[in-house]
Each structure stands twice: as structure tokens, then as C-alpha cells.
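Heads up, the thing below is written out as C-alpha cells.
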Amino acid sequence: DAGITQSPRHKVTETGTPVTLRCHQTENHRYMYWYRQDPGHGLRLIHYSYGVKDTDKGEVSDGYSVSRSKTEDFLLTLESATSSQTSVYFCAIQGGSTGTQETQYFGPGTRLLVL
Amino acid sequence: DAKTTQPPSMDCAEGRAANLPCNHSTISGNEYVYWYRQIHSQGPQYIIHGLKNNETNEMASLIITEDRKSSTLILPHATLRDTAVYYCIVRVAQTGNQFYFGTGTSLTVIP
């Protein structure tokens with residue numbers, strides 16, 4: 001277990017509503033990532049963080065923002081949710097309690113439904 | 001990062017070895033081969049990775065061809081709990097590098 005939790009695990013919201021997903025790690029690792037997974041697309045990187053207050057965009061960052069005010073928490077915000085953002089969202093950290101520093105470990109995911 | 005090609009689906013009898021192939025003909029000299037799996041509704045799970053030599057851990061073995069253009073993940077005694085989508089990924093083993101997940105191989109272990 002890589003010590004990653006995500007909250008909420010499930011959420012239903014309405015179009016236009018802001019939504020924040022939280023990723024929490026207990027491993028004190030520098031790198032954290034947000035991916036989304038949709039049928040036929042595999043996992044796609046949204047944003048990542050390489051330290052407190054240091055973030056960068058991934059391949060599908062439009063409509064999303066992130067924040068990292070402390071090492072253990074990485075927040076993903078949908079400022080105004082759209083139906084196209086209905087997806088399963090996974091957080092990952094670089095490294096873990098049993099792996100190498102180059103390996104990513106994933107959280108359990110958050111299922112988001114935007115009506 | 002180099003692209004990988006995997007069969008979309010495979011079946012394996014319970015108790016038998018599951019051999020999952022992956023082609024990565026454009027792999028660079030400093031790119032590692034990683035394998036992850038994703039059991040339905042769960043987050044991807046790291047299995048194993050290697051550069052040139054064959055690797056083995058408690059979950060699986062990784063066989064990389066001498067020219068490094070292909071590899072095989074071996075689950076020695078497949079169980080029903082090994083039913084999952086298996087992803088082969090090649091990337092430079094550098095902190096911060098993204099993992100590019102394709103669509104993987106859906107392995108079904110049959111009783």
C-alpha cells in the first residue's frame with residue numbers, strides 16, 4: 001500500500017458547479033499527479049506537481065486547476081464542471097514505501113458524474 | 001517516450017502461466033519497460049520494471065529480448081484474481097516523467 005487516499009470516492013454534481021477532489025499521501029514524496037480515465041483513452045495526465053506550490057500542466061489540463069499548499073495534499077479543482085468531465089480520476093505519487101523513486105503508485109480513484 | 005503494442009485481450013486457464021507480450025520496437029537505450037495492471041474499478045497497480053536484464057519479483061517475471069524490442073510479462077500460476085487489464089509502458093526512469101498508459105491487454109483467467 002503506497003499510502004495514498006482520495007476523497008471523495010464518488011461524487012455526483014451538476015453542470016456549472018465547482019468541484020474539488022483531494023489526494024492525500026503519507027509518503028512525503030515530492031511528485032504527485034492527477035490522471036483521468038475514460039473508456040478507449042487509457043489514463044491521461046491532467047496536472048502534476050513537483051513540490052509545494054510547484055505545478056505544471058499535462059496533456060488534458062483545460063478546465064482544471066490544481067493546488068499544492070503542503071507536501072501531503074494535492075487538490076484538483078473543476079471550476080465549472082461540464083458533462084465532458086464525467087470520468088474516473090486517479091491520483092498518483094512518484095515512488096512509494098516499497099518501490100523505487102522512479103515508479104508511480106496510484107490511489108483508489110474518484111468517480112465523478114456531472115449531470 | 002516510445003510507443004507500445006499489446007494484444008487487446010487474452011485468456012488463460014487458472015493455474016497455468018499467463019504470458020503477456022508487448023512490442024516496443026522504437027525503445028531508446030535509456031528507456032525502461034514497466035508493467036502495471038488495473039483490476040476493475042481500482043487504481044493501476046505496479047507489477048515490475050526492467051531495463052535489459054530479466055527481472056523477477058513476488059508477483060511476476062519480466063523477460064526482455066536481447067534487442068529490447070519486445071518483452072513478455074509472465075504470471076507463473078494465474079489465479080482468478082489476476083483477471084485485469086495489463087499495461088506495458090516504456091519511459092525514461094526519471095522522477096517526474098509521465099507514464100503514458102495505452103489501452104493494454106485485458107486478461108481473463110478462466111476457472
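The values are calculated or read from the model by the stated rules, or taken from the named source; none is laboratory data. A quick note: this is a predicted structure, and the numbers were derived from the prediction, not measured. Using ideal geometry, Cβ is built from the backbone for each residue, glycine included, and neighbour counts are taken over all protein chains shown. For accessibility, only protein heavy atoms count, side chains too; no ligands or nucleic acids. Shrake-Rupley method; radii C 1.70, N 1.55, O 1.52, S 1.80 Å.
The table below gives the values:
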| read-out | value |
| --- | --- |
| A:Glu79 being over 12 Å from the mean Cα position of the chain (by Cα), of a type in the set (Asp, Glu), more than 10 Å from chain B (Cβ to nearest Cβ) and closer than 17 Å to A:Thr5 by Cα | no |
| Residue ID - nearest to the chain's Cα centre (by Cα), chosen from residues in the stretch A:28-67 that are more than 14 Å from chain B (Cβ to nearest Cβ) and open to solvent by less than 40 Å² (accessible area, probe 1.4 Å) | A:Val66 |
| Any pair with Cβ under 8 angstrom, 6 or more apart, that starts in the stretch B:25-38 at a residue that is over 22 Å from B:Asn57 (Cα atoms) and ends at one that is open to solvent by 50 Å² or more (accessible area, probe 1.4 Å) and of a type outside the set (A, V, I, L, M) | B:Ser25/B:Lys69; B:Thr26/B:Lys3; B:Ile27/B:Lys69 |
| Residue satisfying condition, being touching a Gly at 6+ places or on another chain (Cβ under 8 Å), under 16 Å from B:Gln98 (Cα atoms), modelled with pLDDT of 95 or more and within 14 Å of chain B (Cβ to nearest Cβ), within set A:Phe106, A:Phe90 | A:Phe90 |
| Subset of the stretch B:60-105 that is aliphatic (A, V, I, L, M) and open to solvent by 60 Å² or more (accessible area, probe 1.4 Å) - its residue that is farthest from the other protein chains (Cβ to nearest Cβ) | B:Leu80 |
| Matching residues, the stretch B:13-40, being within 14 Å of chain A (Cβ to nearest Cβ), within 13 Å of B:Asp82 (Cα to Cα) and charged (D, E, K, R) | B:Arg37 |
| Check on B:Thr4, modelled with pLDDT under 95, β-branched (Val, Ile, Thr) and within 11 Å of the chain's Cα centre (by Cα) | yes |
| Residue match in the stretch B:41-58 (condition: within 12 Å of another protein chain (Cβ to nearest Cβ), open to solvent by less than 30 Å² (accessible area, probe 1.4 Å) and outside any strand (DSSP E or B)) | yes |
| Criterion: closer than 21 Å to B:Gly104 by Cβ and not small (Gly, Ala, Ser) - qualifying residue of A:Tyr35, A:Tyr50 | A:Tyr35 |
| Selection from the stretch A:1-16 of residues that are surrounded by fewer than 19 Cβ atoms within 10 Å (Cβ to Cβ), under 24 Å from A:Thr82 (Cβ atoms), of a type outside the set (A, V, I, L, M, F, W, C) and in contact with a strand residue (DSSP E or B) (Cβ under 8 Å, 6 or more places away or on another chain) | A:Ser7, A:Pro8, A:Arg9, A:His10, A:Lys11, A:Thr13, A:Glu14, A:Thr15 |
